[in-house]
Each structure stands twice: as structure tokens, then as C-alpha cells.
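Report on one structure; see the data block that follows.
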Amino acid sequence: MTEQVPARYVSATDREAFADAVADMLAGIGPALLPVAGPELPAETNPTVPAGVDVVIETSGSSGIPKRIAHSRHALLHSARATERVLGGPGTWLSALPGNYIAGLQVLVRSHLAGTTPAYLPPGPFDPAVFEAHSRLMFTRALGRRYVSLVPTQVQRVLDHSDVLAEFDAVLVGGQAIPEPLRERARAAGVTLVRTYGASETGGGCVYDGVPLPGVSAAIIAGEIRLSGPLLALGYLAADGTWDSIRTDAAFAEATEDTERALRTGDTGEIVDGVLAVHGRIDNVLISGGINVSLDRIDRVARDAGLEDAVAVAAPDERWGQVPVVFTAVPDADPEVRLERIRAACAEQIGREARPRAIILLPEMPLLASGKPDRRALAART
């Protein structure tokens, strides 16, 4: 039986204390960390984790099923070193994502490795004006290179407000696919976007602009992307802090004589000339008239048509079983024309079954704490 060792809860909102706790964790001092989102810590006393676990990232993801992902400090540091190498050196980071999620935590890990102090956005909903003000304040004290990690919706909102992103040496963007119009807009504005792909189980993004970080390997097995390397998580924990062997064995393929231990990502994709292209989630599909339709592909078609935040979900239909509906917060002067254009593009690029029944305009897109669209909340509106 695996030895259990002490762990402690720490609030990611208490920034100075959280940064100190992360520094101690990376140095191998003190108990493992269990970061939580709010200021209130769980009532549980004396939590434990298996020996070798240094931090546990808990996330529900878009499916709403909680996951407790166990990492070692060695994996997190490998990811940070590889990122620093690819980006061109150490720098100062602006923290714009929650520290209890892997992208926010990695900002602290990278800062610790670089010997710099990150800047922080204030708590609350993302505001592009506040982002600009804190960015420019950071620029007055930051020596060397300057970095930030965002999700596509945040990039879009900042570009709508100002040109401040062009002053960062790199803007890492992950969490979801970047619409081509948004990439072109950022490029025209002089923004250095770095498209990242990965998961909490890989210590965050581990493939930059389609190319795996040093030490990372990507492969396509039976149509599914698998990622391997020293930055992989150790596995999943159950609610009592012990190993969840069923979930761990399902997600991670153990090493063989010919292969490394790898994460089964659940994503489809292909590798061409060493560059990984991600097509979407294997399970993010609807079944319309007996035909499987990728909702991720509908997202991309709609975003390429100008709905930069478009999210497609399955809606019930008496005749076909399910049909796609597209949600957006982008106003449109002629929504019927836009719908017909997207329907035609979906039919041509994917198939007739992929044609959305409607485009639904929302005041704002519901988001998870990670910044990703809340697909469950959207599906409840159909």
C-alpha cells in the first residue's frame, strides 16, 4: 500500500502566501499543496496524499465531473524550464488566470524559476481596461522579457480595447482553439501569439504552435492524440486522498518496451511534418439522424465566419434526435445572413448534418473559472 503523507489546503486568492507556499513546494519543503479557489479553506483536517505528490489540481472541466490531478514538483519544473527555453529566456509574468488552475499555477512556477515576481490582476471578472492598466504598471518595473497567459476570449476583449498585447514578448493562448480571424487580427496588431495545447495532466500547454516542448512527444494512436514526457501528472486521486487507480489507468497508457508512458488526451488530430494539428474532442459530438457530428469542427467553421467566440452545442430535435445550435456574444447586424453563410460552410466542410439550426445571441458568454466556455450551461439553454 502506498504511503500517505501530510498535505495542506492553501487559498490561491491569498497571493503572497500562495506564492510562498509554491516556492516551498518547488524546493521540496513542507507538505504537498491542495490549492483552492476562494479564501475559505475546507473544514477537513489533516489531509493526506500519496508519497511523491507535491501538488493537486482539482478541476471539474467542461464535463462537470471533478478531477483531482496529482503532480510532482519535478514535472512542473520541467514544464517551466522547457517553456523558458522555447520562449527565449526568463521573464516577468502577468498573472491573469486563477492560481488553483494549472495555467495560473504555472505562472508562479515559471516566475520562481526565473527569479522574478509576477504581477497580478485584481480579483473579479476579467476587464480589458484593468488588464491594460496593470500591464503598463508591470512594464514600468519588469526587466527583461514580458509574458502573459490568456484564453482566446480574453485576447479578443483586450484587442477590442487597446494595443497593449503588442508590448508583451509572448502571449500564450490556450484552453480552446484560436479562431483564424482572431489570429490574423492579433498578427496585424503586432502581437506575438503562441498557440498552446495540453491539459492539466500535462502541466498545462506542452505543445507550442504545433511543436512539442523539449522532452515532450506527441503521437496519434487509433486517431487519438497521446502526449508523453517528464511533465506528465502522476495520476488522479480519490476524494480521500488515495490513488484513483481506475481513472488513472483509463487516462494514462503505461510504458512498454517500445513506448513511453503517455496521456490519452481524448482529442483527435494528425501530425504532418512534425507539427501537431488538433481536430477536436472525440466525445464532443452530437448524433443527428444517426450521423456523428463534431461540435468542435462547427465551432471552427463559425469562428472562421466571424463569430470569434462561437460555441456549438447539441439541442434535442424530434426528427433528427439532435441538431447543432451555435451560441455567441458577438452582435450581428444581419443574423439571418450570417446563419445561412455558416450553414452553407458547415454543409460544405463537414456535412449537411452539421448545419446549425440557429445562432443564439447572449449578453455574454458563460465561462468556467478557467476561462473556457461553460458548455453545460449553454446546453441547458437549448
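The values are calculated or read from the model by the stated rules, or taken from the named source; none is laboratory data. Note that the coordinates shown come from a computational prediction; the quantities given were computed from them, not determined experimentally. Cβ sites come from the backbone with ideal geometry, for glycine too, and all protein chains shown count toward neighbours. Ligands, DNA and RNA are stripped out before the accessible areas are found, and what is left, the full protein with its side chains, is counted by its heavy atoms. Shrake-Rupley method; radii C 1.70, N 1.55, O 1.52, S 1.80 Å.
Residue by residue through segment 1-16, note down the ones that are part of a helix (DSSP H, G or I) and either among the aromatic types (Phe, Trp, Tyr) or in contact with a strand residue (DSSP E or B) (Cβ under 7 Å, 6 or more places away or on another chain) (or both).
Of all residues in segment 1-16, those part of a helix (DSSP H, G or I) come to 15-16.
Matches in segment 1-16: ARG15 only.
Are any of the residues in segment 107-120 touching a Ser or Thr at 6+ places or on another chain (Cβ under 7 Å), small (Gly, Ala, Ser) and under 19 Å from GLY203 (Cα atoms)?
Yes, because at least one residue in segment 107-120 is touching a Ser or Thr at 6+ places or on another chain (Cβ under 7 Å), small (Gly, Ala, Ser) and under 19 Å from GLY203 (Cα atoms).
Only residues in segment 188-201 that are within 27 Å of ARG281 (Cα to Cα) count as the first member; pair them with residues that are of a type in the set (S, T, N, Q) and open to solvent by less than 50 Å² (accessible area, probe 1.4 Å), Cβ under 7 angstrom, at least 6 apart or cross-chain, and list the lot.
Sorted first by the residue in segment 188-201, then by its partner, the pairs are ALA199/THR265; SER200/THR59.
(1) surrounded by 15 or more Cβ atoms within 10 Å (Cβ to Cβ); (2) within 30 Å of CYS206 (Cβ to Cβ): which one isn't true of VAL272, the others all being true?
Result: VAL272 fails condition (1) only.
Scanning for something of a type outside the set (Gly, Ala, Ser), in contact with a Leu (Cβ under 7 Å, 6 or more places away or on another chain) and open to solvent by 30 Å² or more (accessible area, probe 1.4 Å), does segment 2-20 turn up at least one residue? Show your work before the answer.
Step one: list which residues in segment 2-20 are of a type outside the set (Gly, Ala, Ser), which gives 2-6, 8-10, 13-16, 18, 20.
Those still in the list that are in contact with a Leu (Cβ under 7 Å, 6 or more places away or on another chain) too: 8-10.
Next, only the ones that are open to solvent by 30 Å² or more (accessible area, probe 1.4 Å) stay: 8-9.
The answer is yes; a qualifying residue exists.
Which pairs do you get when a residue that is closer than 10 Å to LEU231 by Cα and touching a residue at least 40 places away in the same chain (Cβ under 8 Å), found in segment 206-217, comes within reach of a residue that is part of a strand (DSSP E or B) and open to solvent by 10 Å² or more (accessible area, probe 1.4 Å), reach meaning Cβ atoms under 7 angstrom, with the pair 6+ apart or on two chains?
CYS206/GLY198; CYS206/PRO212
Here are GLU224, GLU257, GLU270: which of them is without any contact (Cβ under 8 Å) to a residue 12 or more places away in the chain and more than 25 Å from PRO35 (Cα to Cα)? Write out each step before concluding.
Numbers: GLU224 fails: without any contact (Cβ under 8 Å) to a residue 12 or more places away in the chain; GLU270 fails: without any contact (Cβ under 8 Å) to a residue 12 or more places away in the chain.
After applying the criteria, what remains is GLU257.
Working only within segment 217-228, note down all residues that are outside any strand (DSSP E or B) and either within 13 Å of ALA199 (Cα to Cα) or open to solvent by 40 Å² or more (accessible area, probe 1.4 Å) (or both). Break it down stepwise before answering.
Here is the first cut: in segment 217-228, the residues outside any strand (DSSP E or B) are 222-223.
Across segment 217-228, the qualifying residue is only ALA222.
Out of everything in segment 349-382 that is farther than 17 Å from ASP296 by Cβ and in a helix (DSSP H, G or I), what residue ends up being least open to solvent (accessible area, probe 1.4 Å)?
Here the answer is ALA377.
Of the conditions (1) among the aliphatic types (A, V, I, L, M); (2) surrounded by fewer than 16 Cβ atoms within 10 Å (Cβ to Cβ); (3) in contact (Cβ under 8 Å) with a residue 24 or more places away in the chain, ILE298 fails just one. Which one is it?
Here ILE298 clears every test but (2).
For ARG338, are the conditions met, namely being open to solvent by 60 Å² or more (accessible area, probe 1.4 Å) and out of contact with any Pro (no Cβ under 6 Å at 6 or more places or on another chain)? I'd like the intermediate steps shown before the answer.
Working: open to solvent by 60 Å² or more (accessible area, probe 1.4 Å): no; out of contact with any Pro (no Cβ under 6 Å at 6 or more places or on another chain): yes.
It is false that ARG338 is open to solvent by 60 Å² or more (accessible area, probe 1.4 Å) and out of contact with any Pro (no Cβ under 6 Å at 6 or more places or on another chain).
Any residue at all in segment 315-322 that is within 17 Å of the chain's Cα centre (by Cα) and touching a residue at least 40 places away in the same chain (Cβ under 8 Å)? Steps first, please.
Going through segment 315-322, the residues within 17 Å of the chain's Cα centre (by Cα) turn out to be none.
No, there is no match, as no residue in segment 315-322 is within 17 Å of the chain's Cα centre (by Cα) and touching a residue at least 40 places away in the same chain (Cβ under 8 Å).
Can you tell me which condition ARG281 does not meet? The list is (1) over 24 Å from THR153 (Cα atoms); (2) in contact with a Ser or Thr (Cβ under 8 Å, 6 or more places away or on another chain), and all the others hold.
All conditions pass for ARG281, except number (1).
If you take just the helices (runs of 4 or more DSSP H) that sit entirely in segment 54-146, which of them hold at least 1 residues that are among the hydrophobic types (A, V, I, L, M, F, W, C) and buried (at least 23 other Cβ atoms within 10 Å of the Cβ)? Reasoning before the result, please.
On the way: elements: 73-87, 102-114, 128-141.
Once the helices (runs of 4 or more DSSP H) in segment 54-146 are filtered for at least 1 residues that are among the hydrophobic types (A, V, I, L, M, F, W, C) and buried (at least 23 other Cβ atoms within 10 Å of the Cβ), what remains is 73-87, 102-114.
Looking at segment 140-167 only, could you name the residues that are farther than 17 Å from VAL311 by Cβ, in contact (Cβ under 8 Å) with a residue 40 or more places away in the chain and under 21 Å from the mean Cα position of the chain (by Cα)?
Once the filter is applied, which keeps residues that are farther than 17 Å from VAL311 by Cβ, in contact (Cβ under 8 Å) with a residue 40 or more places away in the chain and under 21 Å from the mean Cα position of the chain (by Cα), segment 140-167 yields ARG146, TYR147, VAL148, SER149, LEU150.
Determine whether THR196 is among the polar types (S, T, N, Q), under 26 Å from VAL311 (Cα atoms) and either open to solvent by less than 50 Å² (accessible area, probe 1.4 Å) or assigned to a helix (DSSP H, G or I) (or both).
Working: among the polar types (S, T, N, Q): yes; under 26 Å from VAL311 (Cα atoms): yes; either open to solvent by less than 50 Å² (accessible area, probe 1.4 Å) or assigned to a helix (DSSP H, G or I) (or both): yes.
Answer is yes for this residue.
So which pairs qualify, if the first residue must be in segment 4-29 and touching a residue at least 40 places away in the same chain (Cβ under 8 Å) and within 12 Å of LEU108 (Cβ to Cβ), the second must be in a helix (DSSP H, G or I) and open to solvent by 80 Å² or more (accessible area, probe 1.4 Å), the Cβ gap must be under 6 Å, and the two must be at least 6 apart or on different chains?
ALA23/HIS112; LEU26/HIS112
Give, as residue ranges, the strands (runs of 3 or more DSSP E) completely inside segment 241-322 that count at least 2 residues that are in contact with a Phe, Trp or Tyr (Cβ under 7 Å, 6 or more places away or on another chain), under 21 Å from LEU213 (Cβ atoms) and among the acidic types (Asp, Glu). Please lay out each step first, then the result.
Values: elements: 262-272, 275-281, 285-288, 291-294, 311-317.
In segment 241-322, there are no strands (runs of 3 or more DSSP E) which contain 2 or more residues that are in contact with a Phe, Trp or Tyr (Cβ under 7 Å, 6 or more places away or on another chain), under 21 Å from LEU213 (Cβ atoms) and among the acidic types (Asp, Glu).
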